[in-house]
1. Quick check on segment 283-297: of everything there that is touching a residue at least 24 places away in the same chain (Cβ under 8 Å) and acidic (D, E), which residue is nearest to E268 (Cα to Cα)?
2. Give segment 64-93 a look and list any residue that's in a strand (DSSP E or B) and modelled with pLDDT under 85, or say none.
3. Find all pairs meeting these conditions: Cβ atoms under 7 angstrom apart; at least six residues apart or on different chains; first residue within segment 265-281 and under 17 Å from A223 (Cα atoms) and among the β-branched types (V, I, T); second residue modelled with pLDDT of 90 or more and assigned to a helix (DSSP H, G or I).
4. Based on this model, can you work out whether E150 counts as acidic (D, E), over 27 Å from V5 (Cβ atoms), crowded, with 16+ Cβ neighbours inside 10 Å and in contact with a helix residue (DSSP H, G or I) (Cβ under 7 Å, 6 or more places away or on another chain)?
5. Of the conditions (1) under 21 Å from D283 (Cα atoms); (2) modelled with pLDDT of 95 or more; (3) within 20 Å of the chain's Cα centre (by Cα), H203 satisfies every one except a single condition; which number is it?
6. Give the residues of segment 1-46 that are acidic (D, E) and in a helix (DSSP H, G or I), sorted by residue number.
7. Identify all residues within segment 7-43 that are over 24 Å from L130 (Cα atoms), of a type in the set (A, V, I, L, M) and surrounded by fewer than 17 Cβ atoms within 10 Å (Cβ to Cβ); write none if there are none.
Amino acid sequence: MDPSVASVQDLTDRLASTGYLCDPALATVGFLALRMARPMLIEGEPGTGKTSYAQALAEGLDVPLIRLQCYEGIDASQALYDWDFPRQILHLRALESTRDSGSDPADLADVERSLFDERFLLARPVLRALRESPAVLLIDEIDRADDEFEAFLLEVLSTFEVSIPELGTVSGSPPPVVVLTSNRTRELHDALKRRCLYHWIDHPGLERELAILTRRAPEVGTALAEQVVSVVQQLRRDEGLLKPPGVAETIDWAQALHHLGAVDLDLETAAATLGAAVKYREDSERVRASLDVLLAK
């Protein structure tokens, strides 16, 4: 898709220039997706950087990011296109006004064609990506959509073409870079998975998470950043939380502490700012009860 990306390292460097520190496996999947013109399916726990990866990819390739946020009940019209009905009605009224004023009425077929003109077309994300390519199309949280929508996406991603009966076929040439993300709230069908190159994003290790925090929040002091990352790593590993904090929560917590003027992670300040890191009452109670032990490690 983008021959200007010369290697896996080149893509890694481009992502790093946007602030996204990519592990070698994910960079390899991204490079192969570009070379093979294949969609990427990126799964992982919330907060591991799936959406940020697509955003960094668009910035690193210097192309637009077009996002389709999936949700329960989404259908093809909300992904592809719709018609601007209010403007169409105004157009009909204008034609009627012309006819009433004594002008020659338009032929019925001409009226119909004028209603389904390009000017009344509302392009949704998938159609926009095909038209505006090269672009990155982010299909976010595909696991929230239903089976019918997944089947529709499979068809579009197989051909990178969309047929609009009134206007003809729209093809993506070159095809957009497609990134599908999933929190794995349900299993996706094998047919969609086979179409994609797959990668599971896990929580980063201590060193890489510290590097990410330093890059994304350079104002946070070194000692504080190291303490925050160390505690977050322990929370993911040992505490059995309902929702372990992701990298986004690590950054939020470090920035919250920085705004309070903290230079070290002490018990009182950690407890007061815990809401930046954990998001469930049960998790909060469990962490508060063990904060003194966590900070002592």
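The values are calculated or read from the model by the stated rules, or taken from the named source; none is laboratory data. Because the structure is predicted, anything quoted here is derived from the model rather than measured. For neighbour counting, all protein chains shown are included, and Cβ atoms are generated from backbone atoms with ideal geometry for every residue, glycine included.
1. Initial filter on segment 283-297 (touching a residue at least 24 places away in the same chain (Cβ under 8 Å)): 283, 286-287, 290-292, 294-295, 297.
Now restrict to residues that are acidic (D, E): 283, 292.
Values: D283: 18, D292: 10 Å.
Among them, the one singled out is D292.
2. If we filter segment 64-93 for residues that are in a strand (DSSP E or B), which is where we start, we get 65-69, 81-83.
Matches in segment 64-93: Y81, D82, W83.
3. Listed by first residue and then by second, the contacts come to T269/L257.
4. Values: acidic (D, E): yes; over 27 Å from V5 (Cβ atoms): yes; crowded, with 16+ Cβ neighbours inside 10 Å: yes; in contact with a helix residue (DSSP H, G or I) (Cβ under 7 Å, 6 or more places away or on another chain): yes.
Answer is yes for this residue.
5. With respect to (1) under 21 Å from D283 (Cα atoms); (2) modelled with pLDDT of 95 or more; (3) within 20 Å of the chain's Cα centre (by Cα), H203 is out only on (2).
6. D10, D13, listed by residue number.
7. Result: A16, A25.
Yes/no matrix, rows are residues, columns are (1) closer than 14 Å to L68 by Cβ; (2) part of a loop (DSSP other than H, G, I, E, B); (3) over 17 Å from the mean Cα position of the chain (by Cα); (4) modelled with pLDDT of 90 or more:
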position	(1), (2), (3), (4)
S114	no, no, yes, no
R119	no, no, yes, no
D143	yes, no, no, yes
V156	yes, no, yes, no
V162	yes, no, yes, no
E166	no, yes, yes, no
V170	no, no, yes, no
V178	yes, no, no, yes
T181	yes, no, no, yes
